[in-house]
Amino acid sequence: MIDVQVQTERFDSGAALDALAQTGAGAVASFIGIVRADGDVAYPDRRVTALELEQYPAMTEAALRSISEAATERFSLTGAIIIHRIGRLEAGEPIVLAAAAAPHRADALDACAYLIDRLKTGAPFWKKQHFADGSAKWVEAKGSDDARAAGWE
Amino acid sequence: MKIVYFAWVREQIGCDEEPAPEGAVTVADMLDLLRGKGGGHAAALGDESRLRFALDQLMVKSDAKLGNASELAIFPPVTGG
């Protein structure tokens, strides 16, 4: 079972994990990304109030599905789910859920890391930070994210 | 062919899509033609190392041939998740 969703509203992580548990799995592993208020390392004194998530609508769902299919094959999963939010998200709100179900825990845990690592460098989303002082700045991609994604190649 | 822009590339160029100029064989050729428009195009597209590309919604390198693709996307490295 593969399920990918892009939406503005909050997701129900409990319902998503329950669905994965019913795929014949022995293990379900999940990652939830949250909007951090401490924000940009380059501006430690600027508090982030919100993020604005932009996507490339024609490409996003296909990219998420391709990442999920690759994970399913590589880790013999019984299911994979990615839910990613777009639009304006306040600090503390969940942005993304990536979860994997497999017969045993090692594949579920590894596949969960694979899903989010590949999403970070291969899915067309961009974050703009809005700071408490009214300024805004696009988030720069991190070399460490490229390195983590490359580690799966 | 249509060109679409995202994130700060879209903001600097000042539009989210436009018709592609004729005469480019590769993505890199297209970048050269677009930079020739000057202004926001030249500023946003000046440093290729800060850009990523997708042809018909698949990520490609700048040496990729445009072929019969109908959409070229130009955007910064992605920052989702």
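Descriptive notes on the structure:
- Identity of the residue in region A:1-21, in a loop (DSSP other than H, G, I, E, B) and touching a Gly at 6+ places or on another chain (Cβ under 8 Å), that ends up nearest to A:Ala106 (Cα to Cα): A:Met1
- Selection status of B:Ile74, within 14 Å of chain A (Cβ to nearest Cβ), open to solvent by less than 30 Å² (accessible area, probe 1.4 Å) and more than 21 Å from A:Ile86 (Cβ to Cβ): no
- Taken over region A:22-51, the residue count meeting the criterion of being at the interface with chain B (Cβ under 10 Å from one of its Cβ atoms) and either assigned to a loop (DSSP other than H, G, I, E, B) or open to solvent by 70 Å² or more (accessible area, probe 1.4 Å) (or both) is 1.
- Residue count for region B:20-60 under the criterion of being assigned to a strand (DSSP E or B) and surrounded by fewer than 14 Cβ atoms within 10 Å (Cβ to Cβ): the result is 0.
- Residue match in region B:69-78 (condition: outside any strand (DSSP E or B), touching a Leu at 6+ places or on another chain (Cβ under 8 Å) and over 26 Å from A:Asp146 (Cα atoms)): yes
- Residue match in region A:79-96 (condition: away from chain B (no Cβ under 14 Å), in contact (Cβ under 8 Å) with a residue 40 or more places away in the chain, touching a Cys at 6+ places or on another chain (Cβ under 7 Å) and over 24 Å from A:Asp45 (Cβ atoms)): no
- Residue within region A:145-153 that is open to solvent by 30 Å² or more (accessible area, probe 1.4 Å), of a type in the set (A, V, I, L, M, F, W, C) and in a helix (DSSP H, G or I) present: yes
- When A:Gly134 is tested against (1) open to solvent by less than 60 Å² (accessible area, probe 1.4 Å); (2) out of contact with any helix residue (DSSP H, G or I) (no Cβ under 6 Å at 6 or more places or on another chain); (3) free of Cβ contacts under 8 Å to residues at least 60 places away in the same chain; (4) not basic (Lys, Arg), exactly one condition is not met: (1).
- Residue check, A:Ala106 within 17 Å of A:Ala29 (Cα to Cα) and either without any contact (Cβ under 8 Å) to a residue 60 or more places away in the chain or surrounded by fewer than 17 Cβ atoms within 10 Å (Cβ to Cβ) (or both): yes
The values are calculated or read from the model by the stated rules, or taken from the named source; none is laboratory data. None of these values were measured; they are calculated from a predicted model. Glycine gets a Cβ as well: all are built from the backbone with ideal geometry, and neighbour counts include every protein chain shown. Just so you know, the surface numbers come from the protein's heavy atoms only, side chains and all, with ligands and any DNA or RNA stripped out. Shrake-Rupley method; radii C 1.70, N 1.55, O 1.52, S 1.80 Å.
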